[in-house]
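Working notes, structure below.
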Amino acid sequence: MASQPSFSTKIKLAAAHSAPVYMSKSATLAKAINLIHAAARDGVSMLVFPETYVPGYPYFIECYPPLKQVAALAKYAEESVVVDEDLDGVVEACRTTGVSVVLGVSERMKGGYTCFNSQVFVAGGRGGGIKGTHRKLQPTYVERIIWAQGDGSTLKTWKGMLGPEADGKEKSWNVGGLACWEHTMLLARQALITQQEHVHAAAWPALSTMAGFEESADSQIEALMKCHALTAQCFVVAASNYVDETCLEWMKENIGEQGFVKRGGGWSAVIHPFCNVLAGPVTGEKEELVTAEVDLKDLGMVKIWVDADGHYSRPEILPFVWDKEAYWEAGKKKHELRVSGVKGGEKAEKA
């Protein structure tokens with residue numbers, strides 16, 4: 001059976017069911033910092049934000065012809081987050097309050113214009129800081145006009161998100177995350193399972209506000225979240241935004257009238273590994289921290305039944321590997337950093 005942490009603890013997990021200050025990086029980061037402080041007052045250990053909370057999910061890509069969106073797409077890239085430049089305030093709030101966060105952002109490469117749908121993992125407390133960033137592997141449908149594909153190097157779990165031990169060492173609990181329909185990628189979820197994921201941060205937009213999804217979106221999200229909770233034997237925190245009037249007004253004023261996205265939506269909850277809903281689901285146009293106290297020692301009792309990284313994995317029958325190599329480096333695709341060689345068909349590394 002896969003190894004388990006040798007200690008138990010009770011912690012509070014929370015999902016931010018919240019709308020951004022649409023298309024404003026600075027204002028939405030300020031709002032996120034306020035929510036971190038609010039979570040701290042409620043004793044929350046880790047707070048999960050919705051998909052691309054900063055600067056907001058680009059609902060306009062679903063609503064207009066591509067040639068009408070060019071200026072909006074350029075503005076969206078401008079308001080996207082450069083991780084090592086724009087998050088000092090969030091990092092400081094996490095260090096000051098002791099709250100760890102998984103922040104959904106549209107990430108822009110430093111010095112460039114390529115963007116990713118990302119989750120930034122920031123540990124709280126005095127020794128906290130940015131642990132890493134997960135980039136969505138496959139942007140969905142028209143998301144492909146705004147975000148590049150992530151690679152396997154960011155398909156990870158991170159330690160230290162649930163606080164240090166008394167001796168300063170990182171606790172051995174593992175936190176991972178995925179965005180939206182990335183949860184339909186069974187092998188992406190399996191990659192996190194093989195890293196003994198204990199708490200899963202799931203980031204979502206307000207799917208039920210989109211035409212054609214009104215009756216199905218919430219059921220889809222609930223099914224995927226409960227499926228991962230049980231198959232990974234982990235706690236799941238699902239955080240979604242909702243569409244407010246400022247989002248609709250921005251689209252109307254900057255691109256034009258549309259009838260495909262409406263106000264409201266979202267589905268946020270905290271789920272136990274045996275699929276009990278511990279908090280929520282919260283839906284609709286309201287601001288709320290969806291909070292539940294969880295007992296991480298429950299994981300041991302669940303793992304007795306099913307241990308997906310242990311006795312239930314059967315690696316001799318179902319071997320599993322994935323490409324962990326970074327495809328993007330220093331703001332460019334990896335192959336752009338190489339100079340093609342002519343000897344033996346090999347590539348020479350650029351000096």
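The values are calculated or read from the model by the stated rules, or taken from the named source; none is laboratory data. Quantities reported herein were computed from a predicted structural model and do not represent experimental measurements. Quick reminder, even Gly has a Cβ in these numbers, built from the backbone with ideal geometry, and neighbours come from all protein chains shown. Just the protein is used for accessible areas: all its heavy atoms, side chains included, with ligands, DNA and RNA removed. Shrake-Rupley method; radii C 1.70, N 1.55, O 1.52, S 1.80 Å.
Go through Trp328, Tyr113, Ala72 and say which Cα lies farthest out towards the positive end of the charge dipole of the chain; charges sit on Cβ, +1 for Lys and Arg, -1 for Asp and Glu.
Highest projection toward the positive end goes to Trp328.
What does a probe at Lys286 reach in the range 6-48, counting residues whose amide N is under 12 Å from the point 7 Å along Cα→Cβ?
17
Tell me, in nm to one decimal, what length is gained between Glu215 and Glu85 on full extension, where the rule is 0.36 nm per residue of separation less the Cα-Cα distance?
Result: 42.8 nm gained on full extension.
How much accessible area per residue does the chain have, counting only protein heavy atoms and a probe of 1.4 Å, in square angstrom?
Per-residue accessible area for the chain comes out at 44 Å².
Rounded to the nearest 500, what is the 222 nm mean residue ellipticity of the chain from helices alone, with -39500 (n - 2.57) per DSSP H run of 4+ residues and division by all residues?
When only DSSP H runs of four or more count, the value is -7000 deg cm²/dmol.
More than 21 angstrom separation, counting every C-alpha pair in the range 210-288; what % is that?
Tail of the P(r) past 21 Å holds 38 percent of the pairs.
Not counting ligands, DNA or RNA, and with a 1.4 Å probe, what is Trp158's accessible surface area in Å² rounded to the nearest 10?
The accessible area comes out at roughly 20 Å².
Within a Cβ distance under 11 Å of Glu285, other residues only, what is the Lys/Arg minus Asp/Glu net charge?
Around Glu285, the surrounding residues sum to -1.
I'd like the accessible area for Lys159: 1.4 Å probe, protein heavy atoms, all chains in place, Å² to the nearest 10.
Looks like 90 Å² after rounding.
Under a 1.4 angstrom probe, counting protein chains only, how are Ile145, Ile193 ranked by accessible area, largest first?
Largest to smallest exposure gives the sequence Ile145, Ile193.
Grab the other residues whose beta carbon is less than 10 angstrom from that of Ile271, score K and R as +1, D and E as -1, and report the net.
0
Spelling out what I want: for every residue of the range 183-195, take phi, set θ = phi - 60°, compute 6.51 cos²θ - 1.76 cosθ + 1.60 (Karplus), and round to whole Hz; glycine and proline get x.
Result, rounded to whole Hz: 5, 7, 7, 4, 6, 5, 5, 5, 4, 6, 4, 5, 9.
Towards the positive end of the charge dipole of the chain, with charges on Cβ (+1 Lys, Arg; -1 Asp, Glu), say which of His37, Gly265, Leu248 has the farthest Cα.
Working it through, the farthest residue towards the positive pole turns out to be His37.
Could you give the radius of gyration (one decimal) and Dmax (whole number) of the Cα atoms in the range 49-184, in Å?
Expressed in Å, the Cα Rg and Dmax of the range 49-184 come to 15.9, 57.
Can you tell me the length gained on complete extension of the stretch Asn254 to Lys75, counting 0.36 nm per residue apart and subtracting the Cα distance?
Net length gain for the segment: 63.4 nm.
Below 16 Å, Cα to Cα, which aspartates and glutamates can Lys159 reach? Residues fewer than 8 away in the same chain don't count.
Partners within reach: Asp167, Glu170, Glu197.
Taking just the alpha carbons, could you work out the radius of gyration and Dmax for the range 127-261, both in angstroms?
Over the range 127-261's Cα set, Rg and Dmax evaluate to 17.4, 58 Å.
Using a 1.4 angstrom probe on the protein heavy atoms only, could you order Thr283, Thr96 from most to least accessible area?
Thr96, Thr283
To the nearest 20 debye, what charge dipole does the chain have about its Cα centre, counting +1 at the Cβ of each Lys and Arg and -1 at the Cβ of each Asp and Glu?
820
From the phi of every residue in the range 272-285, what ³J(HN,Hα) in whole Hz does the Karplus formula 6.51 cos²θ - 1.76 cosθ + 1.60 yield, where θ is phi - 60° and glycine or proline is x?
Result, rounded to whole Hz: 7, x, 8, 6, 5, 7, 7, 8, x, x, 9, 10, x, 7.
For the range 92-98, in order, what is each residue's ³J(HN,Hα) by Karplus, 6.51 cos²θ - 1.76 cosθ + 1.60 with θ = phi - 60°, in whole Hz (x at glycine and Pro)?
Values, residue by residue: 5, 4, 5, 5, 6, 8, x Hz.
What is the sum of charges, Lys and Arg at +1 and Asp and Glu at -1, for the other residues whose Cβ falls under 10 Å from the Cβ of Arg189?
Within the 10 Å Cβ shell, the charges total -2.
Ignoring ligands, DNA and RNA, what percent of the 1.4 Å accessible area of the chain is carbon and sulfur?
Reported share for carbon and sulfur atoms: 53 percent.
Return the long-range amide H neighbours of Gly310 (sequence gap of 5 or more, or a different chain), with a cut-off of under 5 Å between placed amide H atoms.
Long-range HN contacts for Gly310: Ala2.
Among Ala279, Ala201, Ala238, determine the one that fluctuates most according to a GNM of the chain built with springs between C-alpha atoms less than 10 Å apart.
Looking only at Ala279, Ala201, Ala238, the largest GNM fluctuation is found for Ala279.
Per-residue counts of other Cβ atoms within 10 Å, averaged by peptide: what ranking do you get for 108-119, 13-24, highest first?
In decreasing order of mean packing, 108-119, 13-24 become 13-24, 108-119.
Rolling a 1.4 angstrom probe over the protein chains, ignoring ligands and nucleic acids, what is the accessible area of Arg144 in square angstrom, nearest 10?
150
Pull up all non-local amide H partners of Gly284: gap of 5 or more, or a different chain, and H-to-H distance under 5 Å with H placed in the peptide plane.
Under 5 Å from the amide H of Gly284: Gly265, Gly266.
Which residues in the range 236-256 place their backbone N less than 20 Å from a point set 7 Å from the Cα of Asp295 along the Cα-to-Cβ direction?
So the set is 236-237.
Determine the dipole magnitude for the range 280-327: charges of +1 sit on the beta-carbon of Lys and Arg, -1 on that of Asp and Glu, nothing else is charged, the reference point is the Cα centre, and the result goes in debye to the nearest 20.
240
With each label point set 7 Å from Cα along the Cα-Cβ vector, what nm distance links Phe320 and Phe274?
2.3
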